[in-house]
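I have placed the structure first, in the form of structure tokens, so that the comments after it can refer back to it.
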Amino acid sequence: MEIPYIVQPREDTGLYNAKVGIWLFLASEVMLFGALFSSYILLRVGAEVGTWPHGLLNIPIGTLNTIVLITSSVTVVLAWASLKMNRLGRFRLFQTGTVLLAMTFVVIKSFEYHDKFTHYEVVLKNSTSMTGHIEGSPMFWNLQKLNAGKIESFTFHPDAHQAGHPDNRAEAGETKGAHEAIKIATADITKLESYGPWHNTYLAIYFTLTGLHALHVIAGALVIGCILATSGAWWKRDPERLTNRVEVSGLFWHFVDLVWIFLFPVLYLL
């Protein structure tokens, strides 16, 4: 028995089966991300004035990733249009570009994640608080690990935007520039914590939203890559069905792009 409406659209909806399915799936995705965005809004509105963090994310990197994803949406459309014009070679070119752009997005995001996991807040016993990077860029350090590893001190590079920090010349009324490295003794520390999702509510939301989005990017790239890898056989067997598959995967990819269009200004700019 042959399944109807695999290629031809239904009379009642004007859509073929896969297109109906992808729209239903995207409706569930809207509810998923809608709930997360709503949670972010409620938490931010309910935060005390002046307590919500700002400036923790790299706006130029976020802007670059936005350009990468928007460009990938263009290549998806061009790939689908190429099949409509019976140009398989151009389809492969544009769809390969889509996969490469998706990989570029994930690589850039991984560098951004790495920076957060190696960016630390240090609070000393004299109540001095600093943020910056530890020399060697270790990940997931805390006081327990330092003591367990019997690390007596380490070199710390404070963020350049800080006003300064005291060092061994503070008694003479001098202050070392915040961009200069300093030596910190483990015994002088009361808190050492990286900027992971455990650091504060804002970063917990950031990692949840962007991590879930990155998983969607990876999944979409895998689907597009599989269609691309089998496109030759499908083109010979059933070119219209191949075109429909590319259209359906493209709709998912546009949704992924749209989610990032909302994520970027909400998390990076506001």
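None of the figures in this text is laboratory data; all of them are computed from the coordinates on show. Since we're looking at a predicted model, the values are computed, not measured. As a convention, Cβ positions derive from the backbone with ideal geometry for all residues, glycine included, and neighbour counts pool all protein chains shown.
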Amide proton proximity set for Ile134, modelled H, under 5 Å, gap of 5+: Tyr120, His157
- request: Give me the Kirkwood hydrodynamic radius of the chain, using the inverse of the mean 1/r over all pairs of distinct Cα atoms, in Å to one decimal.
  value: 22.0 Å
query: Which order, highest average first, do 263-270, 220-227 follow once you tally other Cβ atoms within 10 Å for each residue and take the mean per peptide?
result: 220-227, 263-270
- request: Can you pull the one-decimal nm distance between simple spin-label points at Asp115 and Val30, each 7 Å off the Cα toward Cβ?
  value: 3.4 nm
- line: Final fewest-first order of His54, His213, His114 on the 10 Å Cβ neighbour count is His54, His114, His213
- prompt: Roughly how tilted is helix 88-117, in degrees to the nearest 10 and between 0 and 90, from the longest Cα axis of the chain?
  reply: 20 degrees
query: Which of Ser72, Ser137, Ser249 moves most in a GNM of the chain, Cα contacts under 10 Å?
result: Ser137
field: Angle in degrees between helix 59-84 and the longest Cα principal axis of the chain, rounded to the nearest 10
entry: 10 degrees
Mean residue ellipticity (222 nm) of the chain, computed from DSSP H runs ≥ 4 via -39,500 (n - 2.57), nearest 500: -20000 deg cm²/dmol
query: Each residue of the stretch 233-246 in order: what ³J(HN,Hα) in whole Hz does its phi give by Karplus 6.51 cos²θ - 1.76 cosθ + 1.60, θ = phi - 60°, with x for Gly and Pro?
result: 5, 5, 5, 6, 7, 7, x, 5, 5, 4, 4, 5, 4, 5
task: May I ask for the distance between the Cα centers of the stretch 214-263 and the stretch 17-45, given as a whole number of Å?
output: 19 Å
Local electrostatic count, Trp198, Cβ distance below 12 Å [Lys/Arg +1, Asp/Glu -1]: -1
field: Gaussian network model of the chain, springs between alpha carbon atoms under 10 Å - residue of Glu112, Glu48, Glu247 with greatest fluctuation
entry: Glu48
task: Could you work out which residue, out of Ile151, Ile22, Ile205, moves most in a Gaussian network model of the chain, that is, has the largest mean-square fluctuation with Cα springs under 10 Å?
output: Ile151
message: As I understand it, the dipole of the chain uses +1 on the Cβ of Lys and Arg and -1 on the Cβ of Asp and Glu, about the Cα centre. Which of Val217, Phe264, Thr75 lies farthest toward its positive end?
response: Thr75
Assigned charges on the beta-carbon of Lys, Arg, Asp, Glu; the chain dipole about Cα centre (debye): 880 debye
